Structures are given as C-alpha cells and as structure tokens.
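Worksheet: one structure, shown below.
Derivation of every value follows stated rules applied to the coordinates shown; laboratory data play no part. Note that the structure is a prediction, hence the values are computed from the model and not measured. Here the Cβ is made from the backbone with ideal geometry for all residues, glycine too, and neighbour counts use every protein chain on show.
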Number of protein chains: 2
Amino acid sequence: MSHATSSKSLPGNKAPGPGRPRNFDEAAALQTAMCVFWQKGFEATSLDDLTAAMGLSRSSFYGAFGDKQTLFLRAVEHYSKNAIRTLKEIAEATDGDAVEAMMEAISDPHGGSRGCLLVNCITELAPHDTRVAELGRRHLESIEEIFAKALDPQDPGAVRDRARAYTSLAIGTLALRKAGIPADRIADTLKQAKTVLSP
Amino acid sequence: MSHATSSKSLPGNKAPGPGRPRNFDEAAALQTAMCVFWQKGFEATSLDDLTAAMGLSRSSFYGAFGDKQTLFLRAVEHYSKNAIRTLKEIAEATDGDAVEAMMEAISDPHGGSRGCLLVNCITELAPHDTRVAELGRRHLESIEEIFAKALDPQDPGAVRDRARAYTSLAIGTLALRKAGIPADRIADTLKQAKTVLSP
DNA sequence: CTGATTATGGATCATTCAGTCCATATTCAG
DNA sequence: CTGAATATGGACTGAATGATCCATAATCAG
C-alpha cells in the first residue's frame, strides 16, 4: 500500500522506544475527543464519532486510550485543569473588577451554547458515576475558591458563601443560554446581580 | 392462555369505543416514563427500561405513545406543567417570604440528586433539539415570572433582572448538589444570597 | 352469533454499538 | 541483516438498540 507515512517522528511525541512509533499527536487527539464530548455528551458520542474526529483507526484508539470511558475521564480532567488555570489567569490579570471578569468568562454570554463541559458531565452522569461527581465537585470548588480570593484576597475563608453564590449564579446562566434566552438579557442579569451582590 | 384480565375497564381510561379496551392507565404510565427519563436522561434510557418500568409490551407502548422521542416530549411537558403549577402554589400559599420558599423548593437541598428534569433536558439536548430548547426556555421564563411576581406583585416587569438572577441562582445550585456539595453548604449559600439580594 | 375494531404478547428485524483480532507495517537493538 | 516490539488498518463479533409485524384476545354494534 502506498502511504507517505511521515518519515520522521511526530510533533509532540516522546522519544520512540523499540517498536513502531505513533503516527498521531496524542495530546491533539485528546483535545479533539474533548471537543466531541463537549458538543454531544458522553452517551450520544459513539466510537465512530470519536475515531472519525480524531483521525484514528480503532486499533490506534484502543491502543492509546484504553476505552471510551477512560478517554472520557481523561478528556474531562484535561478540560477542568485548563478551564481552572484560565479562570485564575483572568482573575489575576484583571486590574478592574475580577469578579465581573470571572462571571463574564464563565457565563460567556456571547459564546456558543456548549456550556461548561464539567457542568454538562455533572448533569448527565454525576448521579450515576462517582468519579464524574468527584471531578465535578472539585471543579466547582476550585471556581468557588477563585471567586473567594477575588472577593477578599486577605481572608477568602470569610466570603465562602458569597463566592459560592457567584459560582451558582454563573453556572445557572449556562442553562439559560442553552435554552435560548437572549445573550443581552443574560448580560443584564449578571450586571444587575453584580451590583446588588456587592457588599 | 389463562389471563385473569381485569374484567371491567381501568381506573382513569375514558369510555371504551369499539375495540379491546386498554389494560393500563395511560396517565400513570406517562408518569412512570417521566420518572425514568428524569433519573437516567434521554439517551441512557432504553426502550426496555421504559417498557419494564411502565409494565407494557412493546406493542402497547408504540400503540399508545408513538415512539421514544414523542413520549419523551410528552413526559417533559407533563413535568413542566406540574412543576410550574406547584411552584405557583408555593409562591402564593406562603405568608412569609415567597422568594425564600421558591428558592427552597427549586434547589431542594434535602431532596434527591435528580435535579430538575427540564434543566437536565436543556443541558443534554437543547443545543441539538429546538423543541427541547423551546420547552426549556418557556419553563425557565415561567419560573422567572413567578419570581418577579413574588418580588413585586405591583410591577413585576420592573424586577425582571433580579427575578432572572434568582432563577439562575436556584438552577445553579442543582449542579452543586449533583456534584456532591453538602446540602447544608447549599442552604447557607441560599440564605446568604437571599439576604444580600434583597433590595 | 358475526364482523369490525382495537389491544396485547412476543417474535423478529435491521442498525448501531463498544470492543476484539489479525495480518501487515515500521521502528529499534544487536 | 535478523528478530523483538509496537502501531496501524480494517474486518469482525456479540450484544443492545429502536422499531415493526403478526397471530390472538377482548370489546362493541348490529
């Protein structure tokens, strides 16, 4: 068979050991899988969906990622770490109102309607999968912590409840948006809530 | 075959026309289906799950409800009407703080972890099914309206944003609860948010 | 009773699903 | 070069899926 296999190794793959080297970028494939799960959810995503999007044969898929469930957990964990890191950066980089910037980033009223992958997972799977519930809980608690530090850098512990209220509010807007409530109304809601929730 | 079929008609079935009468209560079957969808979501619920829970053969199922999708929409609509009616009753019956009572009823921090069926549907299906999105939007707007009337019976239109903030907050707590955040923390959050959000 | 009409049970169907297998290809160590 | 080790393509598998079909049962109108 012809093949034009790339002569050398691939972008981000570690130094090859003995056997034949990977013909794909594992990190990129994981990222792609994450997007598919994000758009369709776990149950509605088939292996064909995944392998097609990732550009892998089934052999490569199972060889590299184990199975659908395992890949899913990796993808979700990857998403969570990324999202939390980004949110921290936003909270720290803002010279103005960090809370406002965070609310905007989470609810993202002008973005698509995929929502937050972790929230999607919690809703779909957490009641029946303790590992997902655990990942979800940690994710939400991380967000809460960032809010708390933004609200009171000196004593974050004193504003836990308020931080959790902001978290809940931001998460709630994701459902509104998915249901088709116009972005400007959601933005107004956040503005309103922000001014009213200020101490 | 023996059979012991109930000699007469069934509980809530309308007067029989020509053919053989239904051997089950359609309303009860719908209610049961609703519970199954509520617990497992749409994709994860199989026809065997449904027929087993409803106590129907496939013939009866398809004869009475069309198909899985159609039944699902009926079940969701049924849930929504019920939930909105109940919420209205709670808001009107409370002599104390109606908003607080509504928040408690929606977030239900001491209930199970199935959340709100409509929110589950929105998260799982709304981005890919406009009918679900429409049902979800109407549901959320109904909640918002009840909040608005509770906040200011004279001029509900003037407090739309605040009503939507309460809605979002209540919906958000459902995710927290599903993720395993302790009920008492959620209750504290609501109390805190309520006092702070008061005008 | 007879015939029309509707419901029921259960077999059946084509499709899709997640996951396996094997022959072949590509690399490294020696 | 030889052989061990790993990756790849793609056919294949058994189970589960949503949905249909048909023979039979139960009812009503006449």
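What to note about this one:
- 0 to 90° range, to nearest 10: angle between helix A:98-107 axis and chain A longest Cα axis: 50 degrees
- The modelled label-to-label distance between B:ARG58 and B:GLU92, using points 7 Å beyond Cα along the C-beta direction, is 4.6 nm.
- Peptide-level mean, for B:117-126, of C-beta atoms on other protein chains within 10 Å: 6
- Inter-chain shielding of A:183-191 (mean C-beta neighbours from other protein chains, 10 Å cut-off): 3
- Normalised radius of gyration (Cα atoms, divided by 2.2 N^0.38 Å) for the protein assembly as shown: 1.13.
- Residues in the range A:42-48 carry Karplus couplings, in order, of 6, 4, 7, 8, 8, 5, 5 Hz; the curve used is 6.51 cos²θ - 1.76 cosθ + 1.60 with θ = phi - 60°, and Gly or Pro positions show x.
- Label-to-label distance, nm, for residues given as A:ASP67 and A:ARG131 (7 Å Cα→Cβ offset): 1.0 nm
- 0 to 90° range, to nearest 10: angle between helix B:26-40 axis and chain B longest Cα axis: 60 degrees
- In chain A, a dipole from Cβ-located charges (positive for Lys and Arg, negative for Asp and Glu) runs towards its positive end, and of A:CYS116, A:CYS35, A:LEU47 it is A:LEU47 whose Cα lies farthest in that direction.
- Cβ-placed point charges (K, R +1; D, E -1), dipole of the protein assembly as shown about Cα centre in debye, nearest 20: 1200 debye
- Between 0 and 90°, nearest 10: helix B:68-93 axis offset from chain B longest Cα axis: 40 degrees
- Fewest-first ordering of A:SER59, A:SER113, B:SER46 by other beta carbons within 10 Å of each residue's beta carbon gives A:SER59, B:SER46, A:SER113.
- 10 Å Cβ neighbours from other chains, averaged over peptide B:153-166: 3
- Taken along its principal axes, the alpha carbon cloud of chain A reaches lengths of 69, 35, 32 Å, longest axis first.
- Helix-only arithmetic for the protein assembly as shown: the sum of -39500 (n - 2.57) across DSSP H runs with n ≥ 4, divided by the residue total, places the mean residue ellipticity at 222 nm at -21500 deg cm²/dmol.
- Each Cα pair under 8 Å and six or more residues apart adds its separation to the average, and for chain B the resulting relative contact order is 17 percent.
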